[in-house]
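Read the structure below first, then the notes.
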Amino acid sequence: MGKLGKKARKFAQKHLQSVLKKRRQFKSIRDKRKRPSRDGEETAEDHVRTMTDQSTERNAEGVFPNGAVRETSLDNLFSEDDNDSIDGAPDSDGFLSEDLNCPYIADSENEIYSEGKSDGSAILGQNREIHLELIKQKRKLDRLRKKDPKFSKFLETHIADLERFRGEETPYSDDEGVTSDQSKPTMVEGLSLQDGKVLSSSTIDAWCQLVVEQQSMSVLPNLLNGFRAACHFGTDESDTMSYRRIQNKEAFCKILMFVLREADGIFRKLLGVSSCKKDTILELKNTSKWKIVRPLIKSYLRSTLYLLNQVTDHHILDFTLSRLRASVIFFAAFPSLLRRLVKVAVHLWVAGGETLSVSSFFIIQDMAVQLKAECLDTCLVKSYKAFIANCKFVDPKNLRHIQFLGDSITELYSLDIQKSYPKALVSIQQLASILKQALQTKKKETLKRIYNWQYTNCIDLWVKFISVNIKDHDLQPLLYLVIQIINGVAHLFPGPRYLPLRLKCIQMLNQLSSSSGVFIPIASLVLSSLEYKESSKAGARPGRALKFSTVLKVPKQLLKSRDFQEECVLSVIELLSAHFAQWSYHISFPELATIPLICLRNFHEKLTVETLKRPVKRLIDQVQQNVELVQKKREDVAFSPKDHASVDAFLQLEKSGKNAPFTQYYASILQKSISRNMVMNEKISVLGKKRSRKRRRPFNDQAKDSGAEGTNVLEKIMANSIANGKSRSKNKQRKKQRN
């Protein structure tokens, strides 16, 4: 029997019983491997352990048995359920039962007509109350039907009675008594929109006066319903769900401003508390006061959250957040609304302007402090994920904003080190795994995941976190892991094009060394940045303004430019000065500065640019002067190097006085760096304006210029042709004369 053909083999693999049986066996084995733990959830400790320990499916180098590298991504960290929808059905549709005796003052004939049409008789008001009550009862019955199947069967036996009371519509007739379908009002769950009242500015003034001056709380539900209508104003839901209509802009502004300003104080008066805490709110849950005030608070919070999701004006958002911040403690009673507030606040913190970002962070911080048990972990995870998603690109415009986001997360994670430490460890280990893959493969795709702003900003974030908290907490494991990551990144890209990235790494190492007091040898990294031939050449051309704080990789055409060479040398001097300034009072400073002095002298001899030779020479002189000072003081001591207490106390009086020559020199270096950055920012802004002007140049002017150039060319061609014609005619005449 011959071999099967290609189509026959494919058919056999798909349909033969033996093949299907083997597939079922392999599938069952795979499902057993992926079976979750007993509890069904992975704890934080288990997650950290799985990140640190070796996996059974890969070897120690982070490679799978088949040789493929395990892919990791910063965006996939802290995967969680982002479902922020409200748990279960709401208690109501957002509207409160109102007092029918509240005054409605008409400012126009249209409002008088609507009031006469809606409140012309007491029967319509009673029908509206009945419809609202039926809506609430219907939703309660739906929830009970889902929970209890027996109750569902009971409802089926009485379904005829329920259908009779559900959504009855009264036919409307015109003036002649003829019923018409076109004259029927639109029904929203049994309530007609034509019954909705128009809220004028006079009506809102009367309500506000009753609430503030006469302490009439019966008007408050009407006011909150009007506030909800104002928050939904201009949206699709405003036409289909609103029981109130806002007459004009003045009424819209009045009701928003009054409720946002006074709601928190009114709720506290009703509850009888001045300064609410989380325990106070939880204790009030079982009281009669809370049962009365709870729907009012929930309506206010829901409407305000909806307003934050709809409004785009920064001033309105800033004011709303500042007022909602006073009522953060009330969110402890509404977990679903709390999750929505965290989501909205984090989005505005990342995407807003300066004042809006600050206001959003304040409310995030208040939630993390006041509602620590329910909200701290959510705030930590969502803020870090938002930072990762929005730090992928850095330019002079958003540099300050990204620095603000990093400082904010550092402050947020510093609130509770015990809870934030596991998350910081998992994040730093993920950075280490990405670097490990790049060192093993050294492929272009893996290297791109290192020299990008997302990876660099994440390292910088944890450097800030460690620097702020290492003196008060035990963060040594994080410190040494971050130092290894930074050293790996600095040595992974040795070329001159990656000089800004290496200088950024050296700056982070300086920051860690200064905050922790641990000596980190960075002199070799700094001096290696000067070991390429373009840095010592003279006659370089002035290139485009380049700021190292906003780039990671230098374009090839700028490597030989004068601005790049100056920025390179001055940055090296600044970083070396910071390193020497930290250890300038240490007893081992002469040994620390020996090799760097030799390298600096060799570099100074090769330099031919006079403007760069002077600052290098000054650094050499200042370091040499400090070496002689420490050696002179060291000759007078009588303790041995093993006496650590005496070694630590060496030159402490001079260090506290800050009058040493090298300290003053470092202060001048910092001042020059600030002024240099200001000049660089001005150059970049001027270049940006010039480019924008070129882009905005009108097309007509370009057409005129091109047309003028075209006419000039045509005139030259015509002149040349005429001259050529004349010369040809002269030649012909000469030939005729000769003949």
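The values are calculated or read from the model by the stated rules, or taken from the named source; none is laboratory data. Keep in mind that what you see is a predicted model, and the values were worked out from it rather than measured. Glycine gets a Cβ as well: all are built from the backbone with ideal geometry, and neighbour counts include every protein chain shown. These area figures cover heavy atoms from the full protein model, side chains too; ligands, DNA and RNA do not enter into them. Shrake-Rupley method; radii C 1.70, N 1.55, O 1.52, S 1.80 Å.
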**Fill in**
Any residue on another chain or 5+ positions along whose placed amide H is under 5 Å from the amide H of K197 is listed here as R245
**Accessible area in the full protein assembly, largest first, 1.4 Å probe, for M678, M217** = M678, M217
**Request:** Report the FRET efficiency, 1/(1 + (r/R0)^6), for I316 and N398, where r is their Cβ-Cβ distance and R0 is 30 Å, rounded to 0.05.
**Result:** 0.80
**Request:** For T446, T611, give the ranking by accessible area with the largest first, probe 1.4 Å.
**Result:** T611, T446
**Message:** Can you give me the distance in nm between label points at K136 and L415, each placed 7 Å from the Cα along the Cα-to-Cβ direction?
**Reply:** 3.5 nm
**Prompt:** Between R261 and Q214, what is the label-to-label distance in nm when each label sits 7 Å out along the Cα-to-Cβ direction?
**Reply:** 2.1 nm
**Request:** Provide the solvent-accessible area of H644, counting protein heavy atoms only and rolling a 1.4 Å probe, rounded to the nearest 10 Å².
**Result:** 130 Å²
**Estimated inter-spin distance, Q671 and D648, nm [label 7 Å along Cα→Cβ]** = 3.4 nm
**Item:** Largest-first ordering by accessible area, 1.4 Å probe, given options F362, F662, F233
**Value:** F233, F362, F662
**Prompt:** At what distance in angstrom do the alpha carbon centres of the stretch 346-414 and the stretch 546-568 lie from each other?
**Reply:** 31 Å
**Fill in**
Rounded to a whole number, the Stokes-Einstein D of the stretch 209-342 in µm²/s (Kirkwood radius over Cα pairs; 37 °C; 0.692 mPa s) is 212 µm²/s
**Request:** Could you state how much accessible area R449 has, in square angstrom rounded to the nearest 10, with a 1.4 Å probe and all protein chains kept in place?
**Result:** 60 Å²
**Message:** Given a Förster distance of 22 Å, report the FRET efficiency between K556 and A389 from their Cβ-Cβ distance, rounded to the nearest 0.05.
**Reply:** 0.10
